[in-house]
Amino acid sequence: MCSLKILLINNEPNSEDLGLIPDAEEYGLPSGCLQIQNLKKKLAAYGEVIVLHYKALEQLNFIPDCIFLSGRFAPWDAKTLDTEFCKEMDLIRNPPCPIFGICAGIQLIAAAFGSPCVDMSHPEGEHGYQSLDIICDSVLTKGMDQRAQFFLYHVERVCFLPKGFRLLASSRDCRIQMMEHTTLPIFGTQFHPELYCDAFPDGKKLLENLFARIAIIQPNKNF
């Protein structure tokens with residue numbers, strides 16, 4: 001697995017912004033926790049991680065073995081995603097390899113397939129470690145209980161399950177917490193699986209499941 005080339009797309013406003021998680025200590029995270037830095041560190045256990053900002057995707061000069069779409073802790077205008085993230089949307093619609101979207105990443109995947117990003121009914125959103133319902137078996141959920149714990153930090157959600165996707169996990173206040181395409185290697189989580197810890201290890205299990213599958217299919221690229 002360490003031979004994989006992993007593209008991590010930074011979806012924060014600029015390449016210098018590494019996604020400072022507000023009030024991290026309040027939710028059991030280290031003070032000053034940076035999303036991109038932490039995500040790169042966790043993904044490095046599975047291969048070489050190349051970080052590229054979403055506005056610089058024209059600089060992509062290699063075919064990755066998998067692509068991760070980061071979250072975004074800075075605000076955005078959900079009505080302009082098609083134009084602001086047009087290159088990333090094209091990549092999502094025509095995946096050259098498995099794609100995994102986290103938080104804002106799942107919202108970009110959904111938007112690329114026709115489901116908009118909308119505000120949650122509870123304006124305070126979902127934050128911290130919470131239990132989610134695992135809806136059905138999948139490559140990602142192998143070995144998990146029907147209730148799994150992950151880190152959430154969002155005030156927006158995917159409006160409806162896009163055509164061609166199936167639902168994998170839900171919460172009371174956000175139905176689409178995890179989804180996968182039925183024929184394409186595209187996955188998304190509203191939560192942050194990379195923010196796992198000893199007390200809440202399910203995110204690590206999810207990433208292990210994903211990379212075990214990628215390692216099997218990587219030689220022939222046939223997911």
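The values are calculated or read from the model by the stated rules, or taken from the named source; none is laboratory data. Keep in mind it's a predicted model, so treat the numbers as computed, not measured. When we count neighbours, we look across all protein chains shown, and the Cβ atoms used for this are built from the backbone with ideal geometry, even at glycine. SASA here: full protein model, heavy atoms, side chains in, ligands and nucleic acids out. Shrake-Rupley method; radii C 1.70, N 1.55, O 1.52, S 1.80 Å.
For segment 12-119, the helices (runs of 4 or more DSSP H) that sit wholly inside it and include 2 or more residues that are surrounded by fewer than 18 Cβ atoms within 10 Å (Cβ to Cβ) are 35-43, 81-84, 86-93. When P13 is evaluated against the numbered criteria (1) modelled with pLDDT of 95 or more; (2) in contact with a strand residue (DSSP E or B) (Cβ under 7 Å, 6 or more places away or on another chain); (3) under 21 Å from D119 (Cα atoms), which criterion, by number, is the only one it fails? Failed condition: (2). In segment 141-158, the residues that are farther than 19 Å from Q35 by Cβ and outside any strand (DSSP E or B) reach residues that are open to solvent by less than 70 Å² (accessible area, probe 1.4 Å) and among the acidic types (D, E) with C-beta atoms within less than 9 angstrom, at least six apart or across chains, in these pairs: M144/D202; D145/D202; Q146/D133.
Cβ-Cβ contacts under 7 Å between residues 6 or more apart (or on different chains), taken from a first residue in segment 180-199 that is under 20 Å from F165 (Cβ atoms) and of a type outside the set (S, T, Y) to a second residue that is open to solvent by 50 Å² or more (accessible area, probe 1.4 Å) and not in a strand (DSSP E or B), are listed as P185/F223. Restricting segment 135-159 to residues that are within 18 Å of F113 (Cβ to Cβ) and in contact with a Gly (Cβ under 9 Å, 6 or more places away or on another chain) leaves a set whose member that is surrounded by the most Cβ atoms within 10 Å (Cβ to Cβ) is V158. Scanning segment 1-11 for residues that are open to solvent by 50 Å² or more (accessible area, probe 1.4 Å) and either in contact with a Phe, Trp or Tyr (Cβ under 8 Å, 6 or more places away or on another chain) or outside any loop (DSSP other than H, G, I, E, B) (or both) returns M1, C2, K5.
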